[in-house]
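Q: Below are the structure tokens for one structure; questions will follow.
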Amino acid sequence: AVMALAALFAAGEEVSWGQRILRISTPEIIRQSNRQGELNVHNLAAVYVVKKHLHEMTGSAILAWCLLSLIALRWSPNLRRKCLAYGVPLLPLSKLPVFLLVPCFFLHRLVAKGDEIGELFLGIALLVWAVPLCLVKWSPALSAGRKGLGATVAAMATVCLAATLLSVAFPGDVKWRLNKTAQRDYPALGMVAQAERLYEYIYAHPEYLMPDTRMNHARLLLGTGQLAKAKRILAEATEGGGSAGKHELLVQLEEDGQPL
């Protein structure tokens, strides 16, 4: 029951409690203290400070849970009996691989926005564990392996379908994410070439352009020593009107011997 309530709360937080779907505006008092101006708790400035540590703690706890389940179910009947006596749920061995993906992304920066990918796999892991439990009475003839495989495929298909439909319904969010990934997430991991390709994709699809897209691209190019290209991108940004940070970049180009 506790896990179900926690999952419900997490799901509500991820969609800002249906704010975009229901077209609910954020009250000004919440907007001022929320990093994304949304109706949720995890983006509040005070909570955001500990968010990274929360991911680390969750990843460590799930890793420990997986190891406990493996030892209890495979090598220690006595430990298994104690866990059952105290009401500690043990993860089925067939579900451990998908659960282990969660600490992989929570504890290591494998990819850009790995924390959100870890959250995705946590939801999928809980789903593929819960669905076979529900199917025990309904389809006793099916093996646990087939139930687990069916639940995994159905979960992934549901996620892909929902993501596709929501991307079409809320193109503004896709634009924001593409720009943030190119500006912040890829460069933070040293993935400059990937950021460059993403900027090229944005330019090829003008509906994803934001007022500061070219300025941020020019800043990235300056940081990697691509002065001539930064000059060209900055000239295009200048033609589009004023933008924050323009003067700073112009001065930097002048100092590097690249007058605009």
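Q: For the peptides 155-161, 67-73, what is the packing order when you average, over each peptide's residues, the other Cβ atoms within 10 Å and list the highest mean first?
A: 67-73, 155-161
Q: What is the dipole size for the chain, taken about its Cα centre, with +1 at each Lys and Arg Cβ and -1 at each Asp and Glu Cβ, in debye to the nearest 20?
A: Charge dipole of the chain: 1260 debye, to the nearest 20.
Q: Three principal axis extents, largest first, for the C-alpha atoms of the chain, in Å?
A: 75, 40, 36 Å, listed from the longest principal axis down.
Q: Only helical DSSP H runs with n ≥ 4 go in: add -39500 (n - 2.57) per run for the chain, normalise by residue count and round the 222 nm mean residue ellipticity to 500 deg cm²/dmol.
A: After summing the helix terms and dividing by residue count, I get -22500 deg cm²/dmol.
Q: Taking 8 Å as the Cα distance limit and 6 or more residues as the minimum spacing, I'd like the relative contact order of the chain as a percentage.
A: Answer for the chain is 9 percent.
Q: Rg and Dmax in Å for the range 63-197, alpha carbons only: what are they?
A: My reading of the Cα-based Rg and Dmax gives 19.0, 56 Å.
Q: Give, rounded to the nearest 20 debye, the magnitude of the charge dipole that the range 140-228 has about its Cα centre when Lys and Arg contribute +1 at Cβ and Asp and Glu contribute -1 at Cβ.
A: In debye, rounded to 20, the range 140-228 gives about 260.
Q: Just the number, please: Stokes-Einstein D of the range 18-66 in µm²/s, Kirkwood Rh from C-alpha pairs, 20 °C, 1.002 mPa s.
A: Details: Rh = 12.4 Å.
For these conditions, the coefficient is 173 µm²/s.
Q: Along the positive direction of the dipole of the chain (beta-carbon charges: Lys, Arg +1; Asp, Glu -1; about the Cα centre), which of LEU73, VAL50, GLY12 reaches farthest?
A: Looking along the dipole axis, the top candidate is LEU73.
Q: May I ask which of LYS175/LYS231; LYS180/LYS231; LYS95/LYS175 have a Cα-Cα span longer than 32 Å here?
A: On the way: LYS175/LYS231 24 Å; LYS180/LYS231 22 Å; LYS95/LYS175 35 Å.
LYS95/LYS175, as the Cα separations exceed 32 Å there.
Q: Roughly to the nearest percent, how much of the accessible area of the chain is carbon and sulfur, given a 1.4 Å probe?
A: Answer for the chain: carbon and sulfur cover 66 percent of the accessible area.
Q: Next question, about the same structure. I'd like the Karplus ³J(HN,Hα) series for the range 124-130: coefficients 6.51, -1.76, 1.60, θ = phi - 60°, whole numbers in Hz, and an x wherever there's a Gly or Pro.
A: 5, 4, 5, 5, 6, 7, 6
Q: Ordered by residue, what ³J(HN,Hα) values in Hz, to whole numbers, does the range 61-67 give under the Karplus form 6.51 cos²θ - 1.76 cosθ + 1.60, where θ = phi - 60° and Gly and Pro are x?
A: Each residue's phi maps through the Karplus curve to give 5, 5, 4, 5, 5, 5, 5 Hz.
Q: Give me the 1.4 Å probe accessible area per residue for the range 2-114, excluding ligands and nucleic acids, in Å².
A: 65 Å²
Q: OK, next. Considering the convex hull of the alpha carbon atoms of the range 1-124, report its projected area averaged over all viewing directions, in nm², one decimal.
A: For the Cα atoms of the range 1-124, the hull's average projected area reads 9.3 nm².
Q: Okay, moving on. Given just the C-alpha atoms of the range 55-135, how large is their convex hull per residue in cubic angstrom?
A: It is 91 Å³ per residue.
Q: Here's another thing I want to ask about it. Quick check: the distance between the Cα centres of the range 37-58 and the range 188-204, to the nearest angstrom?
A: 27 Å
Q: Please list, ordered by chain and number, the residues whose modelled amide H lies under 5 Å from the amide H of LEU44; skip anything fewer than 5 residues away on the same chain.
A: Amide H neighbours of LEU44, under 5 Å, 5+ apart: ARG35.
The values are calculated or read from the model by the stated rules, or taken from the named source; none is laboratory data. Please read all numbers here as calculations on a predicted model, not as lab measurements. When we count neighbours, we look across all protein chains shown, and the Cβ atoms used for this are built from the backbone with ideal geometry, even at glycine. Each accessible area value is taken on the protein alone, full model and side chains, heavy atoms only, with ligands, DNA and RNA left out. Shrake-Rupley method; radii C 1.70, N 1.55, O 1.52, S 1.80 Å.
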